[in-house]
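The values are calculated or read from the model by the stated rules, or taken from the named source; none is laboratory data. Everything numeric here is computed off the predicted structure, so don't read it as measured data. Because the Cβ atoms are built from the backbone with ideal geometry, glycine has one as well, and the counts that use them run over all protein chains shown.
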Amino acid sequence: MHRGLAALAVVAAFAVVPAAVSAPPANLFKHGYDKCKAASVGSVAKAVGAKIAKARFSGKDCTWSTFDGSVTILFDTHPTGYMEYLVPKPGRAANGDVTRKIAVPGASKALLETHSFAAIHRHAKDLFAQYAAGVVQVSINSAPPLSDGRCVALMRLLTRT
């Protein structure tokens, strides 16, 4: 019987490891942490497929952009309840924006809001991913359309999941 309990403890220990490995670094959620340190300009450029020129930390979030402004990326974090209260529910809004569930490795829940091109004349997406420590937001505003896969790749890069 003791062997059975020992084997169960080993299985339980391994079951916990993947969740811990796929969690974003805790410092991303600390007040004042420079989120621009989450990834280099070059790695962000590679993830989105555009030549990113610079990163700017506002004191809360990080913004990466191209020299000509054709692509702008905002990276921020929020408290755990943020998705339930401030992110639109899945479905189509009256203004044409569409929010839907999407898979993001390591996240317990993720929603992708695609803004109506007709309303803003730009391609804009907001990806919100729920992790144990809080919500991570990656917002991309671009002249050329950007695929959902690129949004997820950027989220994974910035959260290291």
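Given the conditions (1) in contact with a His (Cβ under 8 Å, 6 or more places away or on another chain); (2) part of a strand (DSSP E or B), which single one is not true for L146?
(2)
Tell me the residue from V98, V104, V138 that is free of Cβ contacts under 8 Å to residues at least 60 places away in the same chain and closer than 24 Å to G42 by Cα, please.
Numbers: V98 fails: closer than 24 Å to G42 by Cα; V138 fails: free of Cβ contacts under 8 Å to residues at least 60 places away in the same chain.
Exactly one residue qualifies, and that residue is V104.
So, in the range 90-130, exactly how many residues are in a loop (DSSP other than H, G, I, E, B) and closer than 25 Å to G69 by Cα?
Initial filter on the range 90-130 (in a loop (DSSP other than H, G, I, E, B)): 90, 93-97, 102-108, 115-116, 121-122.
Still in the list and also closer than 25 Å to G69 by Cα: 95-97, 115-116, 121-122.
Looking only at that region, the number is 7.
Mind listing whichever residues of the range 58-88 are of a type outside the set (A, V, I, L, M, F, W, C) and more than 17 Å from the chain's Cα centre (by Cα)? Let's see the steps before the verdict.
Within the range 58-88, the first condition is being of a type outside the set (A, V, I, L, M, F, W, C), and the residues that meet it are 58-61, 63, 65-66, 68-70, 72, 76-82, 84-85, 88.
Within the range 58-88, S58, G59, T66, D68, G69, S70, Y85 meet the criteria.
Report yes if some residue within the range 78-89 is modelled with pLDDT of 95 or more, surrounded by fewer than 13 Cβ atoms within 10 Å (Cβ to Cβ) and on the phi > 0 side of the Ramachandran plot; otherwise report no.
Scanning the range 78-89, I find no residue that is modelled with pLDDT of 95 or more, surrounded by fewer than 13 Cβ atoms within 10 Å (Cβ to Cβ) and on the phi > 0 side of the Ramachandran plot, so the answer is no.
Please find, within the range 57-106, the residue that is nearest to R156 (Cα to Cα) out of those that are of a type outside the set (S, T, Y) and in contact with a Pro (Cβ under 9 Å, 6 or more places away or on another chain). So that I can check it myself, show each step before the final result.
Kept after step one, since they are of a type outside the set (S, T, Y), are these residues of the range 57-106: 57, 59-62, 64, 67-69, 71, 73-76, 78-79, 81, 83-84, 86-98, 100-106.
If we keep only those that are in contact with a Pro (Cβ under 9 Å, 6 or more places away or on another chain) as well, we get 71, 97-98, 100-101, 106.
Details: V71: 19, D97: 24, V98: 22, R100: 18, K101: 16, G106: 9 Å.
For the range 57-106, the residue satisfying everything is G106.
Please list, ordered by first then second residue, the pairs with beta carbon atoms under 7 Å, 6 or more apart or interchain, first in the range 69-93 and farther than 22 Å from A119 by Cβ, second outside any strand (DSSP E or B) and among the aliphatic types (A, V, I, L, M).
If the second residue must be outside any strand (DSSP E or B) and among the aliphatic types (A, V, I, L, M), the pairs left are F75/A38; F75/L158; T77/L28.
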